[in-house]
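Structure first, commentary second.
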Amino acid sequence: MDLAILVGIDFVNGVATLALMSIGLAVVFGMMRIINLAHGEFMVMGSYSAAVAYHHNVNIWVAILIVPPIAVAVIGAIIERVIIRRLYGRMVETMLATWGLSLFIVGILTTIFGSHTEGVPAPLSGIKVGNYQTSGYSLFVILMSVVTIVGVYVVLRATRLGLLARGTMQNAEMAAALGVDTSRIYATTFAFGAGLAGLAGGILAPISGVFPSIGGSYIGRAFITVIGGGPAPLVGTVTASAMFGFVNQLATFLSNPVYGEVALLVAAVILIRLLPNGITGRYFRRAL
Amino acid sequence: MFDALNFAVGEMNAAGGLLGREVKVVSFDTQSNMQLYAQYAQEAALKHKVAVVHGGITSASREIIRPVLGKYKTLYFYETPYEGGVCDRNVFADGTTPGHNTEVLVDHAVKTWGKKGYVLAADYNYGQITSEWVKKYAKERGGDVIGTEFFPIDATNFGSTISKIQAAKPDWILTVLVGGGPISFYRQFNAAGLSGKIPIASTTFGAGNEQMVLTPEESNGIVVAYNYLQDIDSLANKEFLTRFRAKFGADYPPVTDLTMSSYIGLLLWAAGVKKAGTIDRDKVIEALESGITVDGPSGKVSIDPQTHHCIFDVHLAKFKDKKTVILNTFPQRKPIDTAMVCDLKKNPRDAKQYVISVK
């Protein structure tokens, strides 16, 4: 029984981690149709900002929850203005540009921090489940993942900014005609997505080591989740994370992490074959 | 490693060079790119006509440059700990292999912690082969490996593994993990409150100064075995560290086994050249095969003529507050694993890496 709880926590944690990694990408892709290949590096910058803040004696919670999203949102806003803005509606060019950007960021991070691993210690200690032990921090990750998703929902659904953003994404010309500054909305949305990536990087920093090229291991899974999820950023991310996270954890538990990754990819291939437009391309079509 | 090599060359030149000539380092940044390794190895051999090549971090990179340097008759020193089995008259390897340190670690684990072990290894040849050695050594001592798991090098989520370990209830864990991702294993293990409850030994921990990134709670008690540890208490080591720190500054990260292995590699080559009286490859190889010995900061290191690997002391140590406390020293351990398959005295034309069948 205790072991079942322990394994259950692992499963939920796997799903929550995947959702957290993907939500920023999902917002940018789902709302703006921009494929941001530098998403993994946005997360890494979040992790580094958390590590730097922590090593400058900033409170650990501030360092992982407040500093990264702000830092990366600011960087995201700058990148939007300099690069992304010129490429709206040109998907292939944006992919190329953001891929170049990802290599550039890896290079810059390596130059500044070196290619060794930085780290932030996990702020919560272990908790007991019967005879077993689990990490208190993984419960925190689950909690933060839920809070983030609810937060994104509230921003998109209940605020004026969210309303304008959704309107602009549906019909930019109409929104502009009604007096909305669409280019500002685009910039804000991109920065918002970047901030979410930064937050994910900050929260995951104590779990995974922080080194320049770790973004590569995030981006693949985040992409599969977003594509599998389909056009609706929130529901798509949640359903696809639940499915892929479950498959991944199940295979990892039954065999080892290598097959866990393989199972995730196989599940993604089958899903895209059956539902080429992703889960929300077929179901929950009117969802957010 | 590069700093250590340059440091050794600098010291040598300050003392008048080698055979009265100044030693010059031509270096290439391969960016860990295998294509560049091949290209630069050719360039070093043909354009710069170097006397010796030191380098290659991973086994993959070594296996790329080894045939290139063999073809162009350029001597090659490989200085990273690896899985063992390279048998090539043109190559000298002074890193630790499973025969050097894995047996020491497993012996310690079975005798002090108990019979049941659990192995976590990187999913490539070093991890796969070393984990086979762990099984063999454990069985020989009446122990058993009750679980083995392999991870991609960039794996960062060890949650389900930690649950599985708890379900299996081993007496000890042995890690053969490589790269930046595995740091998160030690971190997550501690975050789950297990540090100190199940002891960990590792063939790799500390070689990348992992303890400096982790907190003392996360790294305390991890047992490792290397030829060199910065905390070796000997006059030669203290003198070396004083000179090294004087050049690179006091806040230079701790000198690891890998760093030292580069330093020793250069000393061995220089000793060979001095003995041969020339930098001619065949004569230097012959001189090195005579069983050249150098006395370095890690103690006496000599070349085993049969395998071209090294015989040296192995120190078993435990991490405490980011430093190591040496528990035991195993003097002059031989590369017993490679020796099982490789005899360059009998077959000097051998030039391959054997996969040693561990049975």
Considering only residues that are part of a loop (DSSP other than H, G, I, E, B), touching a residue at least 60 places away in the same chain (Cβ under 8 Å) and closer than 17 Å to B:Val53 by Cβ, look in the stretch B:266-318 and name the one that is most open to solvent (accessible area, probe 1.4 Å). B:Ile279
Test A:Phe211 against the criterion of being open to solvent by less than 50 Å² (accessible area, probe 1.4 Å), out of contact with any Pro (no Cβ under 9 Å at 6 or more places or on another chain), aromatic (Phe, Trp, Tyr) and more than 10 Å from every other protein chain (Cβ to nearest Cβ), and give yes or no. no
Out of curiosity, is A:Tyr153 out of contact with any strand residue (DSSP E or B) (no Cβ under 6 Å at 6 or more places or on another chain), hydroxyl-bearing (Ser, Thr, Tyr) and within 14 Å of chain B (Cβ to nearest Cβ)? no
Looking at (1) within 15 Å of B:Arg281 (Cβ to Cβ); (2) open to solvent by 10 Å² or more (accessible area, probe 1.4 Å); (3) assigned to a helix (DSSP H, G or I), which is the only condition B:Lys49 fails? (3)
Considering only residues that are surrounded by fewer than 24 Cβ atoms within 10 Å (Cβ to Cβ) and within 14 Å of chain B (Cβ to nearest Cβ), look in the stretch A:11-42 and name the one that is modelled with the lowest pLDDT. A:Phe11
Would you check if B:Val325 is in contact (Cβ under 8 Å) with a residue 40 or more places away in the chain, among the aliphatic types (A, V, I, L, M) and closer than 26 Å to B:Val91 by Cα? no
If you scan the stretch A:60-74, which residues turn out to be under 11 Å from A:Pro123 (Cβ atoms) and either open to solvent by less than 40 Å² (accessible area, probe 1.4 Å) or in a loop (DSSP other than H, G, I, E, B) (or both)? A:Ile60, A:Ala63, A:Ile64
Exactly one of (1) open to solvent by 80 Å² or more (accessible area, probe 1.4 Å); (2) over 24 Å from B:Pro182 (Cβ atoms); (3) of a type in the set (Val, Ile, Thr) is unmet by A:Ile112. Its number? (2)
Let me spell it out: the conditions are (1) aromatic (Phe, Trp, Tyr); (2) closer than 24 Å to B:Val284 by Cβ; (3) outside any loop (DSSP other than H, G, I, E, B), and B:Tyr118 meets all of them except one. Which number is the exception? (2)
Can you pull out every residue in the stretch B:96-124 that is acidic (Asp, Glu) and within 14 Å of chain A (Cβ to nearest Cβ)? B:Asp123
Is it the case that B:Phe158 is open to solvent by 10 Å² or more (accessible area, probe 1.4 Å) and within 14 Å of chain A (Cβ to nearest Cβ)? no
Provide a single number: the residues in the stretch A:31-59 that are free of Cβ contacts under 8 Å to residues at least 60 places away in the same chain, in a loop (DSSP other than H, G, I, E, B) and hydrophobic (A, V, I, L, M, F, W, C). 1
Subset of the stretch B:125-155 [touching a helix residue (DSSP H, G or I) at 6+ places or on another chain (Cβ under 8 Å), away from every other protein chain (no Cβ under 11 Å) and crowded, with 17+ Cβ neighbours inside 10 Å]: B:Asn125, B:Tyr126, B:Ile129, B:Thr130, B:Trp133, B:Val134, B:Tyr137, B:Ala138, B:Gly143, B:Val145
I'd like the residue in the stretch A:87-109 that is more than 30 Å from B:Asp29 (Cβ to Cβ) and either open to solvent by less than 40 Å² (accessible area, probe 1.4 Å) or modelled with pLDDT of 90 or more (or both) and, out of all such residues, is farthest from the other protein chains (Cβ to nearest Cβ). A:Leu87
Got at least one residue in the stretch B:61-81 being of a type in the set (Asp, Glu), in a helix (DSSP H, G or I), modelled with pLDDT of 90 or more and within 17 Å of B:Met34 (Cα to Cα)? yes
Assigned to a loop (DSSP other than H, G, I, E, B) and at pLDDT below 95, is that true of B:Ile153? yes
Restricting the search to the stretch A:75-86, which residues are of a type in the set (Val, Ile, Thr), under 30 Å from A:His116 (Cβ atoms) and open to solvent by less than 80 Å² (accessible area, probe 1.4 Å)? A:Ile75, A:Ile79, A:Ile83
Based on what the data block shows, is A:Phe223 under 13 Å from the mean Cα position of the chain (by Cα), under 17 Å from A:Glu80 (Cβ atoms) and open to solvent by 20 Å² or more (accessible area, probe 1.4 Å)? no
Go through the stretch A:187-222 and count every residue that is among the small types (Gly, Ala, Ser) and outside any helix (DSSP H, G or I). 3
Among (1) assigned to a helix (DSSP H, G or I); (2) farther than 23 Å from B:Thr161 by Cβ, there is one condition A:Val258 misses while meeting the rest; what is its number? (2)
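Condition check ((1) of a type outside the set (Phe, Trp, Tyr); (2) open to solvent by less than 10 Å² (accessible area, probe 1.4 Å); (3) more than 14 Å from chain B (Cβ to nearest Cβ); (4) touching an Asp or Glu at 6+ places or on another chain (Cβ under 9 Å)) across all residues:
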| position | (1), (2), (3), (4) |
| --- | --- |
| A:Val147 | yes, no, yes, no |
| A:Arg157 | yes, no, yes, no |
| A:Arg166 | yes, no, yes, no |
| A:Ser183 | yes, no, yes, no |
| A:Ala194 | yes, yes, yes, yes |
| A:Ala200 | yes, yes, no, no |
| A:Gly215 | yes, yes, no, yes |
Per the filter on the stretch A:251-287, residues surrounded by 17 or more Cβ atoms within 10 Å (Cβ to Cβ) and within 11 Å of another protein chain (Cβ to nearest Cβ) are A:Ala251, A:Thr252, A:Phe253, A:Asn256, A:Pro257, A:Gly260, A:Glu261
Give me the helices (runs of 4 or more DSSP H) completely within the stretch B:168-255, filtered to those with at least 3 residues that are at the interface with another protein chain (Cβ under 9 Å from one of its Cβ atoms) and under 30 Å from A:Ala4 (Cβ atoms), ordered by residue number. B:183-191
I'm told B:Glu22 meets every condition in (1) at pLDDT below 90; (2) open to solvent by 10 Å² or more (accessible area, probe 1.4 Å); (3) in contact with a Phe, Trp or Tyr (Cβ under 8 Å, 6 or more places away or on another chain) except one. Can you identify the failing condition by its number? (3)
Result of the Cβ filter at 7 Å on the stretch A:167-183, keeping first residues that are over 19 Å from A:Arg81 (Cα atoms) and partners that are part of a loop (DSSP other than H, G, I, E, B), at least 6 apart or interchain, is A:Gly167/A:Val180
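The values are calculated or read from the model by the stated rules, or taken from the named source; none is laboratory data. Predicted model, so just to flag it, every value in this text is computed and none were measured. Here the Cβ is made from the backbone with ideal geometry for all residues, glycine too, and neighbour counts use every protein chain on show. Areas reflect the complete protein model, heavy atoms only, side chains present, ligands, DNA and RNA absent. Shrake-Rupley method; radii C 1.70, N 1.55, O 1.52, S 1.80 Å.
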